[in-house]
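Data block below; observations after.
Every number in this text was worked out from the coordinates using simple rules, so none of it is lab data. Note that the coordinates shown come from a computational prediction; the quantities given were computed from them, not determined experimentally. FYI the Cβ positions are ideal-geometry reconstructions off the backbone, even for glycines, and counts take in every protein chain you see.
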Amino acid sequence: MAKKKEAAPAAEESKPAPPPPPAPPEPKPAPAAEGGAATATAEAEAPKKKKRPGVPPRRGKKLRNHLKNQQQKLAKEGVMPLRKAIQTLKSMKRAKFDETVEIHMKLGIDTKQADQAVRGSVPLPHGIGKAVRIVVFTQGDDVAKAKAAGADFAGGADLIQKIQQESWLEFDVALASQGMMGQVSRLGKVLGPRGLMPTPKAGTVIPANGDVAAAVREFKAGKVEYRADAGGNVHAGVGKLSFEEDKLNDNITAFVEQVRHAKPAGVRGNYVQSVTVSATMSPGIKVAV
């Protein structure tokens, strides 16, 4: 009996080991006809190169040469009289749309001093060539007067509530009568960061005895606000490149004179240091002041 018991484990040890599982088949290469689809799939799955914010796309060789020639021409001409600068600006047009003519003024002010802040508005003689949507915060008979003068929206608490609840901002300029500023001030966090908050310095607050209709007509015709930035520069649009030379000359002259009259009393030395005009897609041209 002992011999039979000892033979049992020996028989178990003599059993063959189970075979290993078969290896998975290797993927077959795609046929030549499907090579294009396979490549496209691989490119789609590859991570796309992210664009860096604030970095424009690379310009073509033709455009680079064109801009280089323009820069060399302007450097050779130097500072120009205003009329010649406008003529040169018109001759440099290359965009298919009607470009905006801009003015940039470098002022000799200390922006850290509160009494040297430069801000205001100027009605341009020939407008800016752009339709402006105006909202007027007022009440009583002035609502009808504002709408008759061309305001797109006019009202009081109803408009304020609409902006607060619906974040409605479908307008370009906001005017307010003096009596409404107590309620309009609640919109400071919404309108302030967008430069739409009415303020007396910008001429967008109508005095108690002021003419609401006249204020609306001025901004509809092309009244431009300006404000010096942290570097002491003032920027504004003063018309379209399709304007006649005389109209651009009048608008730019009116803007420069208004900024000159806004000179703070504490400024010493040269107030207007430089004036440059440009279009949307053109380099700047220095103008003799």
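Here the stretch 131-221 is assigned +1 on the Cβ of each Lys and Arg and -1 on the Cβ of each Asp and Glu. Its dipole about the Cα centre then comes out at about 220 debye. Each residue of the stretch 114-125 is assigned a 3J(HN,Hα), and the resulting list reads 5, 7, 10, 6, 10, 7, x, 8, 9, x, 7, x Hz, derived from the Karplus form 6.51 cos²θ - 1.76 cosθ + 1.60 (θ = phi - 60°), x at Gly and Pro. Legend: residue pairs K145/K223; K68/K96; K51/K73; K62/K93; K62/K130, Cα-Cα distance threshold 27 Å; pairs beyond threshold, K51/K73; K62/K130.
Positive end of the dipole of the stretch 70-193 (Cβ unit charges, origin at the Cα centre): among S177, A131, I103, the Cα lying farthest that way belongs to I103.
Approximating the spin labels as points 7 Å out from Cα along Cα→Cβ, the E166-to-R217 distance works out to 3.1 nm.
The string of couplings for the stretch 210-219 from the Karplus curve (6.51, -1.76, 1.60, θ = phi - 60°) is x, 8, 5, 4, 5, 5, 5, 5, 4, 6 Hz, one whole number per residue in order, with x for Gly and Pro. Backbone geometry of the stretch 105-111 corresponds, through the Karplus equation with coefficients 6.51, -1.76 and 1.60 at θ = phi - 60°, to 3J(HN,Hα) couplings of 10, 9, 9, x, 10, 9, 5 Hz, x marking Gly and Pro.
Charged neighbours of F171, selected by a Cβ distance under 9 Å, balance to -2 (K, R count +1; D, E count -1).
Taking amide H atoms as placed 1.01 Å from N in the peptide plane, the amide H of I206 lies under 5 Å from those of A176, S177, Q178, each 5 or more residues away in sequence or on another chain. Centroid-to-centroid, using Cα positions, the stretch 206-273 and the stretch 144-179 are 24 Å apart.
Under the shape rule built on the C-alpha gyration tensor, where the axes satisfy a ≥ b ≥ c, the stretch 131-221 is rounded, since a/c falls short of 1.5. In a simple Cβ point-charge model (Lys, Arg +1; Asp, Glu -1; nothing else charged), the stretch 56-188 has a dipole of about 1560 debye relative to its Cα centre.
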